Amino acid sequence: MDRPICLITGATDGIGKVTAAELARKGYTVVLAARNEAKAATVIREIVASTGNRDVGYLTADLTSLAQLHRLAETFTARYPRLDVLINNAGVIMPQRVLTRDGYETTFQVNYLAQFYLTQLLLGELEKSRQGRVINLSSSVYRAGKFDPDNLQGQRRFSTIGAYAASKLCVLLFTIELAHRLGPTRITANAVHPGIVRTPMMRGAEGVFRAISYAALPFSLSPEKGAATSVFLAGSPDAALTSGQYFTNAKPKKVKTDHNTPENRDVLWNLSMDACRL
């Protein structure tokens, strides 16, 4: 168990699947957090066959259920001695406002709250690592997001683009605040914009996002290129001491939003703690 251990959500398709395969190729122990057990088993067979690394496994959890995330964290802790890298990669685009079984808007929970909760649950395992790393998938669309504590879940008004952008803004604010709070520890936290990537989520988008996706196809990246920054942050010595940054193309980029204030980050943190009953 001397291999670095990495847990990745949303790793049965697109960027997450490529990230898992690349890290397996580099000799990591890779654990996929997946909703569909049969699909996860198929992906693992593919990764083992293509990389020769048999130290690849999966745990099941639906990110629309905080209880399942709690069970996933407990199972991971029981099976593995520590966690070196947590990659919160999973994401959705919802054409309409749908509540999860926990009573939260789906985009908000899957894209953001699940990241927050799983990270909190696994901080103890990350602390066991010589240098734990948290990598959160955000997006450049955060710049269109609004931080409105009274409408984070589209309670008053909902739009597909607005909900998605707000969720990615929340990811970014959370990552910066997490890095600040982890300052005295050996754990780093960084956010990633993978680029406009040809993924099943992009190809399956509906409504306005579908039109945007098709318009962007000629300029979009392969999943391999989209995964490159996550792979870099997971293992590069050059990223070992970097925390609280927003990365694209394996380089930090300035965060451009007026919503990135200590006050907003603190409000979001406290709201998230309450939502997760922590």
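At a glance:
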quantity: Shape call, segment 1-131: gyration tensor on alpha carbons, a/c limit 1.5; calculated: oblate
quantity: Rounded percent of accessible protein surface that carbon and sulfur make up, the chain, 1.4 Å probe; calculated: 51
quantity: Charge tally in the Cβ shell below 12 Å around Ala90, where Lys, Arg are +1 and Asp, Glu are -1, Ala90 excluded; calculated: 0
quantity: Under the span-like rule (Cα at least 30 Å along the axis, Kyte-Doolittle mean at least -1.0), DSSP H helices of the chain; calculated: 160-181
quantity: Among the listed pairs Lys26/Lys254; Lys146/Lys168; Lys17/Lys225, those beyond 20 Å (Cα-Cα); calculated: Lys26/Lys254
quantity: Cut-off 19 Å, label 7 Å out along Cα→Cβ of Val98, residues of segment 47-84 by amide N; calculated: 61-69
quantity: Relative contact order computed over the chain (Cα-Cα under 8 Å; 6+ residues apart), in percent; calculated: 18
quantity: As computed over segment 219-274, the Cα convex hull volume per residue (Å³); calculated: 144
quantity: (1) 39, 22, 17; (2) 31, 23, 17; (3) 26, 22, 19, with the label sought being that of the calculated semi-axes √(5λ) of the Cα gyration tensor in Å; calculated: (3)
quantity: Accessible area per residue in Å² at 1.4 Å probe, computed on the chain; calculated: 45
quantity: Extension gain, Glu46 back to Val267 (0.36 nm per residue minus Cα-Cα distance, nm); calculated: 75.3 nm
quantity: Net +/- balance of residues flanking Phe174 in space, Cβ distance below 15 Å, scoring K and R +1, D and E -1; calculated: -1
quantity: Kirkwood Rh in Å, taken over all unlike Cα pairs in segment 81-178; calculated: 13.9
quantity: Net charge of neighbours whose Cβ lies under 13 Å from the Cβ of Leu72, counting Lys and Arg as +1 and Asp and Glu as -1; calculated: -1
quantity: FRET efficiency, Lys253 to Thr77 (Cβ-Cβ, R0 25 Å, nearest 0.05); calculated: 0.15
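The values are calculated or read from the model by the stated rules, or taken from the named source; none is laboratory data. Source: prediction; values computed, not measured. Because the Cβ atoms are built from the backbone with ideal geometry, glycine has one as well, and the counts that use them run over all protein chains shown. In case anyone asks, the SASA skips ligands and DNA or RNA and just uses the protein heavy atoms, side chains included. Shrake-Rupley method; radii C 1.70, N 1.55, O 1.52, S 1.80 Å.
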